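Student: Attaching a single structure in structure tokens format; questions to follow.
The values are calculated or read from the model by the stated rules, or taken from the named source; none is laboratory data. Just so it is clear, the structure is predicted and the values come from calculations on it, not from any experiment. Glycine gets a Cβ as well: all are built from the backbone with ideal geometry, and neighbour counts include every protein chain shown. We work out accessible area using only protein heavy atoms, side chains counted, and drop any ligands, DNA or RNA first. Shrake-Rupley method; radii C 1.70, N 1.55, O 1.52, S 1.80 Å.
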Amino acid sequence: MFGEQPSPGLPRLNDRPDYKLVGILRIPELQSSPWAALVRRVALALGMLALATAVVYFGRDGYHDSRGTRLGLLDAAYYSTVSLSTTGYGDITPYTAHARLINTIVITPLRILFLIVLVGTTLQVLTDRSRQAFKIQRWRHRVRNHTVVVGYGTKGRTAVDAILGDGVPAAQIVVVDVDPAALEAASNAGLVTVTGSATRSDVLRLAGVQHASAIVVAANRDDTSVLVTLTARELNKTAKIIASIRESENAHLLRQSGADSVVVSSETAGRLLGVATITPSVVDMIEDLLTPEVGFAVAEREVDADEVGGSPRHLRDTVLGVVREDRLIRADEPEVDALEPGDKLLYIHRAHKQ
């Protein structure tokens, strides 16, 4: 809800302990085969059993059985097995080596399988929550210079595709949304997700907005975009904020709220529709320029030392504009006839599909 605030008495999200953020902040995990996980668990159990057996065997002088004989390797394995499986000792115990061998390789594995069936689900849940809480703690301490995307609808998803196409790792993108289906799709794409309304400062803090290098606001409502932009700028004075709105009359509100770039989605789509009625190939070229993975793409680079003093129109690259002191100037303007140190060039380059 617009302007939603946490309930009185409840700690803000970014102040909660990490284990209470499980399910709200979701760190993607590498998916693996359940059979591979089972093999790893069995191998770990066998490794612990072997270690316990070795410890008992090398310290066998401190052990004795009911017969008073010296323990052998099989005795050490038997003792380790019944100890690790919490079997304990009863009035009926294996006495011969054959009986102990059968108990070790048949009875005890069956007992362990029974325990797995009985408590396996609970242990799985506890293990997953503990692992996720540990990952959240590590992520919150390490996340820096990432990109936060508010809203994972059509605009947000397309923006993420473009960011990934520019070579940004998926782990460096955080999606904030309230729609479970959208968050599930983002998580399946390998993105970090935060559940909550981005109009709340504690939700944005949980997403690490204060440490982000870029923030993309792709909300469905203009008033929401304005409030999210205002809150994000309050938390981070230096991040680049790119916001999308539906109506151009609200663009000045976004800029006053702190947005560096404003995209008017309805007007941009309308212009493309109008151009397509006369010159559809122009729309195809624009789509090509906006797709960084293949074909032509618009890129930015620093001016080389040997280019300083020259005109952008005489360079080997097709230069569209010059960014000077955070201001974009068209390449045909007299103001940039002589390039200066620190200028950045917006140019067209050939992209190659990975």
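Student: Considering only region 181-212, state which residues are more than 11 Å from residue 150 (Cβ to Cβ), assigned to a loop (DSSP other than H, G, I, E, B) and of a type outside the set (A, V, I, L, M, F, W, C).
Tutor: If the condition is that a residue be more than 11 Å from residue 150 (Cβ to Cβ), assigned to a loop (DSSP other than H, G, I, E, B) and of a type outside the set (A, V, I, L, M, F, W, C), then 190, 200, 208 are the ones that fit.
Student: Same structure again: Filter region 170-187 down to residues that are of a type in the set (A, V, I, L, M, F, W, C), touching a residue at least 40 places away in the same chain (Cβ under 8 Å) and open to solvent by less than 40 Å² (accessible area, probe 1.4 Å), then give me how many there are.
Tutor: The total comes to 2.
Student: Same structure, new question: Limited to region 201-210, what total is found for residues that are more than 14 Å from residue 21 (Cβ to Cβ) and either among the polar types (S, T, N, Q) or surrounded by fewer than 24 Cβ atoms within 10 Å (Cβ to Cβ) (or both)?
Tutor: The number of residues fulfilling the criteria is 2.
Student: Considering 190, 153, 167, which residue is without any contact (Cβ under 8 Å) to a residue 24 or more places away in the chain, over 17 Å from residue 240 (Cα atoms) and not aliphatic (A, V, I, L, M)?
Tutor: Of 190, 153, 167, the one residue that is without any contact (Cβ under 8 Å) to a residue 24 or more places away in the chain, over 17 Å from residue 240 (Cα atoms) and not aliphatic (A, V, I, L, M) is 167.
Student: Now for a different question. Mind checking which helices (runs of 4 or more DSSP H) fall wholly inside region 70-172 and carry at least 3 residues that are of a type in the set (A, V, I, L, M, F, W, C), within 30 Å of residue 50 (Cβ to Cβ) and modelled with pLDDT under 70?
Tutor: 97-102, 108-142
Student: Among the listed residues 213, 197, 225, which satisfies the condition of being under 26 Å from residue 253 (Cα atoms), open to solvent by 30 Å² or more (accessible area, probe 1.4 Å) and either among the small types (Gly, Ala, Ser) or modelled with pLDDT under 95 (or both)?
Tutor: Unique residue meeting the criteria: 213.
Student: Here is a list of conditions, (1) over 21 Å from residue 258 (Cβ atoms); (2) in contact with a strand residue (DSSP E or B) (Cβ under 9 Å, 6 or more places away or on another chain), and residue 206 meets all of them except one; can you say which number that is?
Tutor: Only one criterion in (1) over 21 Å from residue 258 (Cβ atoms); (2) in contact with a strand residue (DSSP E or B) (Cβ under 9 Å, 6 or more places away or on another chain) is unmet by residue 206, namely (1).
Student: Being free of Cβ contacts under 8 Å to residues at least 60 places away in the same chain, assigned to a loop (DSSP other than H, G, I, E, B) and not acidic (Asp, Glu), is that true of even one residue in region 222-230?
Tutor: For region 222-230, residues free of Cβ contacts under 8 Å to residues at least 60 places away in the same chain, assigned to a loop (DSSP other than H, G, I, E, B) and not acidic (Asp, Glu): absent.
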